[in-house]
Every structure is written in C-alpha cells, then in structure tokens.
C-alpha cells in the first residue's frame, strides 16, 4: 500500500526508507510531508503551490518528482499526464494556472525553463518505475517541449527567457533559468538515447548552452544578488569539479546564514526553504554531504505541524514570511533527502554522471 491509499495527514506505510535523515526527517515525518503534497494535488493530477494558489509547470514537476521519491508513482504519473493533456500546440505551457485549472491560465507567457523541466521529471519517473510504456507516451510531450525551448536559443548559446502571449520573444537570458534548461536538455537526451532516437541538434544546443554558462557571464542578465544564480550553474551540471568548488566557496558567506538556512537575495535578511534545499542538493552533487545535511537540519525551523514547510523566514523580525506552505518547498526538501539517502532515480538525475554532456563547441563561439 502506498501513501495515496493512506489517510491524509497520517504517517502511512509509504516507501520512506530513503526519506529518513537523522536530525532532518523521521519516517513518520517524511510520510506526513508526502501526505501534505498529495493533499494539495487535484483529482486531475495538477499540483498547485497550495490549494487556492496557482500552478506553474516547473514547481508542478518538482512536486511530482518528490512523490516518485516517496513511492507515490500513480500520483506522479497523474501529474505528468496533466502536462501531456494540457500542452499548448507549440509545445509549451503557460507560466501560471489558477489553482491548477488548465482552462484558467493567469499568466499566458511561456517561460523556457518552465517548459523544459518536464524532461527532468519524465526521466526521473522512468528511472523510478522502469515503465517503458510511460516513456513512450510522454516522449512526444518531451520532444515538443524541447523543440519549443530551442527555438528561443540565441546565437551565443543562451536561451531566451520566455515568449509572450502575443508571440513576442523575450531574448533576455537568465542564468538560473538557463542552468535549469541545461539540466533538462541532458535528461531529454538521456530519454532520446534510451529510445535509440539520436538528437544531434539537441546535443549541439546543449554544448553551446553549457559553454555560455561556463565562459560568458555577459550573455546573461545580472541577477547575482540572487542565491540561485550562485549555485544553479552547479546544480544544473554546467559547472563541475574544481570550478564548482571555487564558485560555491566564493560567495558562501554572503548567502549562507549558519543555523537558519540560505538567503534568497542579498542583502535581505530572509532565508528560504527552497533555496536552502537546492543548495543542499548542489552540495551533495559536489560530494559535500556533511554540509548538505547541516543545511537541511537548519531549516527544521520552517517545518509546520502539518508536515509542510513555510516558504521563508525574516530573521531580523523573527517572522515567518510569506505565510504560505508550498508543495515545491516540501518537494525540494524530499528530493534533497532522497539524494542523500541514495535513492537511485534521484541520484542519477541530480548526480549527472550518467547524463549526456552534449557537444562542446570548439574554441569560443564569439
């Protein structure tokens, strides 16, 4: 029996053995967090931030991945089915839907990193289940999403931010978003390789994008006040090894608040659960599990009685803010714990050793 057949809010006997981390989660706590995500999921599979708030495609996928890490494969598959059924004709999804209602988009722009992330989730679900039929069903969805994203790739390799509802392309490139797209393209290529359907254009696009992330910061908008721009090039797999270590150490003291978590943006005295969990996942991928566990322990103060996590905490005011508990914050926590616990699908997707790397362009691309 899985958590989906357990009473909402009860511990339940779901597959939580890899979601236990001393000082972070017990099995009962993990199951309660999974139940909290499941309770927010609509019957049609949509996973909004919380009921009554909007759904965005990226966070929807992150929550679905957390459900898979907990053994809630039917719920996760329903989330991907929602994406397949409501994909726009150009391969995209809208940036936001009211409470996950497909017929009520509240932001009709189409953000490239939101669209691309389906590839990460689909590959994670396949690795979690070994379900080739699922991969067959989702391949057209992934293919169309990647093709949409690559239509916004610029000559320097970076990916434009979004396409507006009127068809106007915003060619401004965001480092965090492009780093996430880099990860998604690697997963999309892994799916293509598994299906023995080579995609050389995707390989070249991935190589160009990785080159831009590593060597051409001037091709991206200056958002370096945000912690995501600091760690996402590492989390997305574009920056590795000694360069990753140097990048993280360089700004550690700016963004990390010992005992509390990771700032969203400097100099604001605000730590957030999502950024903290993603940095922990980044540190794990770098082989620094001890520091990753420390950060996850620190954000225990964001855990609510229902097993969900508050978005953030303003430590100068000793105040929770905003007063919301999101499925994606809980999902990020569960994925970080799953990686540290050795969940095979999660480690394969975020560790990246077995993901394709693309074709690195020779020399500089201009």
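Observations on the model:
- Residue among 148, 134 that is surrounded by fewer than 23 Cβ atoms within 10 Å (Cβ to Cβ) and touching a strand residue (DSSP E or B) at 6+ places or on another chain (Cβ under 8 Å): 148
- Hey, residue 280 surrounded by 14 or more Cβ atoms within 10 Å (Cβ to Cβ), under 19 Å from residue 181 (Cα atoms) and modelled with pLDDT of 95 or more or not: no
- Note on region 223-251: among residues that are out of contact with any strand residue (DSSP E or B) (no Cβ under 7 Å at 6 or more places or on another chain) and farther than 16 Å from residue 285 by Cβ, the one that is surrounded by the most Cβ atoms within 10 Å (Cβ to Cβ) is 229.
- Residues of region 52-84 that turn out to be under 13 Å from residue 129 (Cα atoms) and not in a loop (DSSP other than H, G, I, E, B), as a count: 9
- The set of residues in region 304-315 that are touching a residue at least 24 places away in the same chain (Cβ under 8 Å) and on the phi < 0 side of the Ramachandran plot comprises 306, 308, 309, 310, 311, 312, 313, 314, 315.
So that you can scan it fast, the table gives a plain yes or no per residue for (1) out of contact with any strand residue (DSSP E or B) (no Cβ under 9 Å at 6 or more places or on another chain); (2) crowded, with 23+ Cβ neighbours inside 10 Å:
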{"residue": "50", "(1), (2)": "no, no"}
{"residue": "65", "(1), (2)": "yes, yes"}
{"residue": "73", "(1), (2)": "yes, no"}
{"residue": "76", "(1), (2)": "yes, yes"}
{"residue": "88", "(1), (2)": "no, no"}
{"residue": "97", "(1), (2)": "no, yes"}
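- Hits in region 85-119 (condition: in a helix (DSSP H, G or I) and within 24 Å of residue 173 (Cβ to Cβ)): 112, 113, 114, 115, 116, 118, 119
- Selection count where residues are without any contact (Cβ under 8 Å) to a residue 40 or more places away in the chain and part of a helix (DSSP H, G or I), scope region 170-199: 1
- Residues being under 18 Å from the mean Cα position of the chain (by Cα), in a helix (DSSP H, G or I) and surrounded by fewer than 24 Cβ atoms within 10 Å (Cβ to Cβ) are entirely absent from region 317-332.
- Selection count, region 163-179, where residues are in contact with a helix residue (DSSP H, G or I) (Cβ under 6 Å, 6 or more places away or on another chain) and either surrounded by fewer than 24 Cβ atoms within 10 Å (Cβ to Cβ) or at positive phi (or both): 1
- All positions within region 221-246 that are in a helix (DSSP H, G or I) and touching a helix residue (DSSP H, G or I) at 6+ places or on another chain (Cβ under 6 Å): 227, 228, 229, 230, 231, 232, 233, 234, 235, 244
- If you check 63, 79, 84 for being modelled with pLDDT of 95 or more and more than 30 Å from residue 157 (Cα to Cα), only one passes: 79.
- Inside region 258-292, residues that are within 11 Å of residue 227 (Cβ to Cβ), assigned to a loop (DSSP other than H, G, I, E, B) and either in contact with a helix residue (DSSP H, G or I) (Cβ under 7 Å, 6 or more places away or on another chain) or touching a residue at least 60 places away in the same chain (Cβ under 8 Å) (or both) make up a count of 2.
- All of (1) surrounded by 19 or more Cβ atoms within 10 Å (Cβ to Cβ); (2) touching a residue at least 24 places away in the same chain (Cβ under 8 Å) hold for residue 347 with one exception: (2).
The values are calculated or read from the model by the stated rules, or taken from the named source; none is laboratory data. If you're wondering where the values come from, they're calculated on a predicted model, not measured in any experiment. Glycine gets a Cβ as well: all are built from the backbone with ideal geometry, and neighbour counts include every protein chain shown.
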